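A.B. asks: Sharing a structure, written as structure tokens. Questions coming.
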Amino acid sequence: SIEQTFNGQADFGRRVQCTISRNGDLAYRTYLQVTVPEINQQMGRNGLPVFARWLDFPGEQLIAQVEVEIGGQRIDRQYGDWMHIWNQLTMTSEQQKGYFKMIGNTTQLTFITDPSFADVDGPCNSLAPRNVCTPRNALPESTLYVPLQFWFCTNPGLALPLIALK
């Protein structure tokens, strides 16, 4: 795999671009790699704790839209919502398990932080995983890998020859 970097600082609500270098022959399976920061629980107003969690499917939620442009012409555009719907319709439950880990749809990121579990309806019962029910003060820093679904990502026969890009 060959890592590409964005032009500009990627952040929530910002639009960034990535120019694909010609290091390599073909572009095939393409992923967006995102490191989400640790979120510490801090005291809010009136001394009350602030509870935090990432939305479900955080990797997909981070993408408003992603485009492939060649020679100034938009060739393909994908939306995070569409990616979510497509994956829900086409993946088996076994595929979803691995995919959910990749995009951060895990209890570690999407269940609320709560050091006391007071007045919180949650999954903390005898059947819940122990790491979910452990009181925690922060959501950990995590690296997400979101598979992009452009035409050249779906089949090796459709891989994009980088030499043809201008």
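A.B. asks: What does the extension gain come out to for residue 138 and residue 67, with contour length at 0.36 nm per residue minus their alpha carbon separation? Present the calculation step by step, with values, prior to reporting the outcome.
C.D. replies: Working: separation 71, 0.36 × 71 = 25.56 nm, distance 3.36 nm.
Once the chain is fully extended between residue 138 and residue 67, it gains 22.2 nm.
A.B. asks: Something else: Test of understanding: what is the full-extension gain from residue 1 to residue 38, defined as 0.36 nm times their sequence separation minus their Cα-Cα distance? Could you put the intermediate results ahead of the total?
C.D. replies: Numbers: separation 37, 0.36 × 37 = 13.32 nm, distance 2.67 nm.
Separation in residues times 0.36 nm, less the Cα-Cα distance, equals 10.6 nm.
A.B. asks: Among 146, 36, rank each residue by its count of other Cβ atoms within 10 Å, from fewest to most, as a rough exposure measure.
C.D. replies: Ranking 146, 36 by Cβ neighbours within 10 Å, fewest first, gives 36, 146.
A.B. asks: Using R₀ = 41 Å, calculate the FRET efficiency as 1/(1 + (r/R₀)^6) where r is the Cβ-Cβ separation of residue 76 and residue 112; round to 0.05. Can you show the working numbers first?
C.D. replies: Values: r = 37 Å, r/R0 = 0.89.
With a Förster radius of 41 Å, E is 0.65.
A.B. asks: Round to the nearest 0.05 the FRET efficiency obtained for residue 52 and residue 101 when R0 = 25 Å and r is the Cβ-Cβ distance. Show your work: numbers first, answer last.
C.D. replies: Details: r = 20 Å, r/R0 = 0.82.
Efficiency for this residue pair is about 0.75.
A.B. asks: Related question: Of the listed peptides 93-100, 6-13, what is their order by residue-averaged count of other C-beta atoms within 10 Å, with the highest listed first? The partial results should precede the final answer.
C.D. replies: On the way: 93-100: 11.6, 6-13: 8.9.
The densest-packed peptide leads the list: 93-100, 6-13.
All of the numbers you see were taken from the coordinates with simple rules; none came from a lab. Since we're looking at a predicted model, the values are computed, not measured. Glycine gets a Cβ as well: all are built from the backbone with ideal geometry, and neighbour counts include every protein chain shown.
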